[in-house]
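A quick write-up on the structure given underneath.
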Amino acid sequence: MNTLAAHPPEVTLDLLREEHASVLFQLVDQSRAHLRRWLPWVDANRSVADTETFLREVIAQHRAGKGPQYAVYWRSELCGVCGFHTFDLTTRCGSVGYWLGARYCGLGLMTAAIRQLVEVGFGEYRLERIEIACATQNLKSRAIPERLGFYYEGVVQNREYVDGRYVDHAIYSLLAQETPMTE
C-alpha cells in the first residue's frame with residue numbers, strides 16, 4: 001500500500017498560463033505511453049509549440065467565461081492538469097476533465113485536485129451540476145468521482161475514439177446540494 005495515499009496530499013491548483021508550456025510538455029512527453037491509452041490528444045501534442053497552442057486556447061476559454069483549467073501541483077512539482085471542458089453559466093453546469101503524469105498516479109493527488117476544482121465550480125462559479133465522464137475501463141479515473149460521492153448515471157457507448165479504438169464512457173454527476181464530498 002502506498003502510504004502517501006493515506007495522508008492528505010499537498011496539492012494546489014494554479015490557473016494554466018503560457019509559462020507552464022515547457023514543463024507541461026515535458027510531463028506529457030515523459031508520460032506519453034501512459035496517457036495515450038485514454039486521451040485522444042496525446043499524439044497531436046508533439047512539441048512545446050503544440051503545448052503553447054493548447055495553453056492559449058484554454059486561457060481564451062477562461063477569459064470568455066467558459067471555465068478555468070489548472071496546472072495541478074504536488075509539493076512544488078507540476079504533476080497534471082484538471083479543469084472544465086464544458087462550462088455553461090446559463091444552465092450552471094460544467095464537465096470536468098483531468099490527467100496525471102505516470103509517476104504521480106496512485107498517490108491520491110487527483111482526488112485532492114478534483115475536490116478543489118469542484119469547490120471552485122460550486123463556490124466561485126455557483127454551478128448547480130458538475131459531470132465527469134471516464135472511459136469505462138479506466139478504473140483509476142473512475143475511482144475519483146466514486147471516492148468523491150458523485151452519482152453514477154450510466155454509460156454512453158462508443159463515446160470517444162482513443163488509441164485506435166472506441167471507448168464507452170461512464171457518466172458521473174454531483175449536484176450543488178449534494179456537497180460536501182465524501183472520501
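The values are calculated or read from the model by the stated rules, or taken from the named source; none is laboratory data. Just so it is clear, the structure is predicted and the values come from calculations on it, not from any experiment. A quick note on method: Cβ atoms are made from the backbone with ideal geometry, for glycine too, and the neighbour counts reach across all protein chains shown. With ligands, DNA and RNA removed, areas are computed over all heavy atoms of the protein, side chains included. Shrake-Rupley method; radii C 1.70, N 1.55, O 1.52, S 1.80 Å.
A few remarks follow.
- Search result, residues across the stretch 78-95 that are open to solvent by less than 70 Å² (accessible area, probe 1.4 Å) and charged (D, E, K, R): 88
- For the stretch 111-130, the candidate set comprises residues that are of a type in the set (A, V, I, L, M, F, W, C) and open to solvent by 10 Å² or more (accessible area, probe 1.4 Å); within that set, the residue that is farthest from the chain's Cα centre (by Cα) is 122.
- Residue in the stretch 51-61 that is touching a Phe, Trp or Tyr at 6+ places or on another chain (Cβ under 6 Å) and open to solvent by less than 70 Å² (accessible area, probe 1.4 Å) present: yes
- Given (1) open to solvent by 30 Å² or more (accessible area, probe 1.4 Å); (2) assigned to a strand (DSSP E or B), number of the condition residue 170 does not satisfy: (1)
- Within the stretch 135-167, tally of residues that are among the aliphatic types (A, V, I, L, M) and open to solvent by less than 40 Å² (accessible area, probe 1.4 Å): 6
- Cross-chain or 6+ apart pairs with Cβ under 7 Å, the stretch 88-103 first and part of a loop (DSSP other than H, G, I, E, B), then crowded, with 18+ Cβ neighbours inside 10 Å: 92/127; 101/27; 101/31; 101/79; 101/80
- The stretch 33-48, residues that are modelled with pLDDT under 95, open to solvent by 10 Å² or more (accessible area, probe 1.4 Å) and in a helix (DSSP H, G or I): 33, 34, 36, 43, 44
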